[in-house]
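See structure below.
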Amino acid sequence: MLRFAIFLLSLLTFSAAAQAQVQAQDYQSFIDHPARVCNADTSSDAAPDFAGTNCRSVLFYQADPQDRMLWAEIVFEAEPALLEGTRPLGLFVSAKASSEATLNGVPIGTNGRPGVSQSSEKPGDMDAVFFVPEGTLKPGQNRLVLRLSSMNGGITLNSPIHNIALAPYRDPRKPGPATWFAMITLGLFAAGFVFFGVRSLRGDDREGSALIAALSLAAALQLAAEAARDVMPYPYPLHDLRLSLILTFAIGLGLSFVAYVLLRLFRAYPRRRLLALAAVLAVMLGISAFQPGFDLKTGFVLITALLAAGIAGATAYFGQGNRGGAWLALASAALAAAIYWLGGFFLDTVLYLVVAAGLLWLFFKQARGGDLTVAPVAEDSAPKRIELTSNGKVEFVDASDIVRFSGAGDYVEVFLRSGRSALYNASLAALERELSDGFIRVHRSHIVNASCVKSLTRESAGTGSLEMSEGSTVPVSRRNMASVRDALTQA
């Protein structure tokens, strides 16, 4: 499976390099080209004097039309391949803005209608292409003038202009190899959601399968939101919603992953797992609220999840001697570094390849009849001795010596490995809060030591019974049956 993932990644990298080489021949981007930018005169639709003192020189991507209308002038020399090519040309504009363009004095297109207010502006699409009439692009110096406005956006972005380029004319939303790759990967995520969702409903590793199903669903929704821009035109005000959805689904993906890792490494500690998840969620929400830039928000959210998984793996390795935890820590650190250094490329492509490879591995394990457990569960360290009170007498009993507890009103009957039993002043609810996680609540009146269970019998009515090591039989309620079976499987 690792070889398959490496093959896919290599193929994707080769395709991207080949595409970049082709683009270098007949593609000219102006996103980081010097430009003169001026605030629009609200009393006139004419282009300003770009040499005037009210204009400024910036790189084009630094122009910000949010809550204003701008004019921009780009003076450039055309790439020879564009002049010598036989295919018609287009000006591709990707921006959170309405726009109109003029090339060498020839109007070539309008995307929506720029305006100085929400009412006067007609929102354009996020991605548009303007046909460049033959002969408009000339050898030597060319002059591109754009008018842009973004008056109907809800969220202020750090970089509202994504790209502007000259290239052979085509529909910017025509599916290409990357889009088909995304659709195939989306299908795999949907299959993962259905497969593991059904396993969870059937009671096969209920909690673990449910978390994998949730992870698959979050990945599918995040990928669908990412790919929507390539296959479906939408007005730029909806871009805020798309970015918010991508971030939300990234949080869901990261939390599902961390929850699954914690379940596999520390199944016996549900309270600690819940506290750890709450801490991870708090960090993610803090990043979402205070980190500028949606790509950075999404990246740091996923880095948080990977670091949490890495810390869990390291804890399992050093605390339990779990070698799988060490590999998990190393892999998590490597992926976190990849997100930090590769940024948008990782989030747009490699992320889904990694998730897809993980799902294929899990499918493979299930096809071979294996379970999903990847780590042993260590015995909980808290508390080792239980304090029991009866008629003013306090007795301390080692938790490992207790077979089970049975509730009897305001008293609890304790059964020990030695065969002795006694009544104590306590309630099952209070004891359950103090006991180590190696004890299981199997019925409203019974708590058992998982290590003392010999067998579990399921009845046709959905209830069951446990045979204990000292020979007693303990009932299992229908409500607790699935969780008891899961806990015993991992004990």
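The values are calculated or read from the model by the stated rules, or taken from the named source; none is laboratory data. Everything quoted here is computed from the prediction, not taken from an experiment. A quick note on method: Cβ atoms are made from the backbone with ideal geometry, for glycine too, and the neighbour counts reach across all protein chains shown. Remember, those area values only see protein heavy atoms, side chains included, never the ligands or the DNA or RNA. Shrake-Rupley method; radii C 1.70, N 1.55, O 1.52, S 1.80 Å.
Which ones in the stretch 468-491 are in a loop (DSSP other than H, G, I, E, B), of a type outside the set (Asp, Glu) and open to solvent by 30 Å² or more (accessible area, probe 1.4 Å)? Correct list: SER469, GLY471, ARG478, ARG479, ALA491. Among the residues of the stretch 392-423, those identified as in contact with a strand residue (DSSP E or B) (Cβ under 9 Å, 6 or more places away or on another chain), charged (D, E, K, R) and open to solvent by 70 Å² or more (accessible area, probe 1.4 Å) are ASP410, ARG417, ARG420. Evaluating SER445 against the criteria (1) touching a residue at least 24 places away in the same chain (Cβ under 8 Å); (2) within 15 Å of THR489 (Cβ to Cβ) leaves one unmet condition, (2).
Residue count for the stretch 310-335 satisfying the condition of being part of a helix (DSSP H, G or I), over 28 Å from GLY187 (Cα atoms), touching a residue at least 24 places away in the same chain (Cβ under 8 Å) and open to solvent by less than 60 Å² (accessible area, probe 1.4 Å): 8.
Here is a yes/no grid of residues against (1) in contact with a helix residue (DSSP H, G or I) (Cβ under 7 Å, 6 or more places away or on another chain); (2) open to solvent by 30 Å² or more (accessible area, probe 1.4 Å); (3) at pLDDT below 75; (4) of a type in the set (Phe, Trp, Tyr):
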| site | (1), (2), (3), (4) |
| --- | --- |
| ALA337 | no, yes, no, no |
| GLY343 | yes, no, no, no |
| ALA356 | yes, no, no, no |
| ARG368 | no, yes, yes, no |
| THR373 | yes, yes, yes, no |
| ALA382 | no, yes, yes, no |
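Just to verify a result, which residue in the stretch 430-470, among those that are among the small types (Gly, Ala, Ser) and touching a Gly at 6+ places or on another chain (Cβ under 9 Å), is farthest from ASP398 (Cα to Cα)? The residue in question is SER445.
Scanning the stretch 442-458 for residues that are outside any helix (DSSP H, G or I), under 14 Å from PHE405 (Cβ atoms) and of a type in the set (Gly, Ala, Ser) turns up just one, SER445. The residue of the stretch 247-273 that is farthest from LEU328 (Cα to Cα), among those that are aromatic (Phe, Trp, Tyr) and touching a residue at least 40 places away in the same chain (Cβ under 8 Å), is TYR269.
Just to verify a result, which residue in the stretch 207-246, among those that are within 29 Å of ASN480 (Cβ to Cβ) and not aliphatic (A, V, I, L, M), is surrounded by the most Cβ atoms within 10 Å (Cβ to Cβ)? Here the answer is SER216. In this structure, ALA35 does satisfy being in a strand (DSSP E or B) and open to solvent by less than 50 Å² (accessible area, probe 1.4 Å). Would a scan of the stretch 298-307 turn up a residue that is aliphatic (A, V, I, L, M) and over 14 Å from TYR340 (Cβ atoms)? Looking for residues that are aliphatic (A, V, I, L, M) and over 14 Å from TYR340 (Cβ atoms), one finds none in the stretch 298-307, hence no. Which pairs do you get when a residue that is of a type in the set (A, V, I, L, M, F, W, C), found in the stretch 231-246, comes within reach of a residue that is open to solvent by 20 Å² or more (accessible area, probe 1.4 Å), reach meaning Cβ atoms under 6 angstrom, with the pair 6+ apart or on two chains? Pairs that qualify, where the first residue is of a type in the set (A, V, I, L, M, F, W, C) and the partner is open to solvent by 20 Å² or more (accessible area, probe 1.4 Å), are VAL231/ARG173; LEU243/PHE294.
Taken residue by residue, the stretch 84-99 has at least one member that is among the basic types (Lys, Arg) and either surrounded by 19 or more Cβ atoms within 10 Å (Cβ to Cβ) or part of a helix (DSSP H, G or I) (or both).
Residues being assigned to a strand (DSSP E or B), loosely packed, with under 14 Cβ neighbours inside 10 Å and β-branched (Val, Ile, Thr) are represented in the stretch 106-121 by at least one member.
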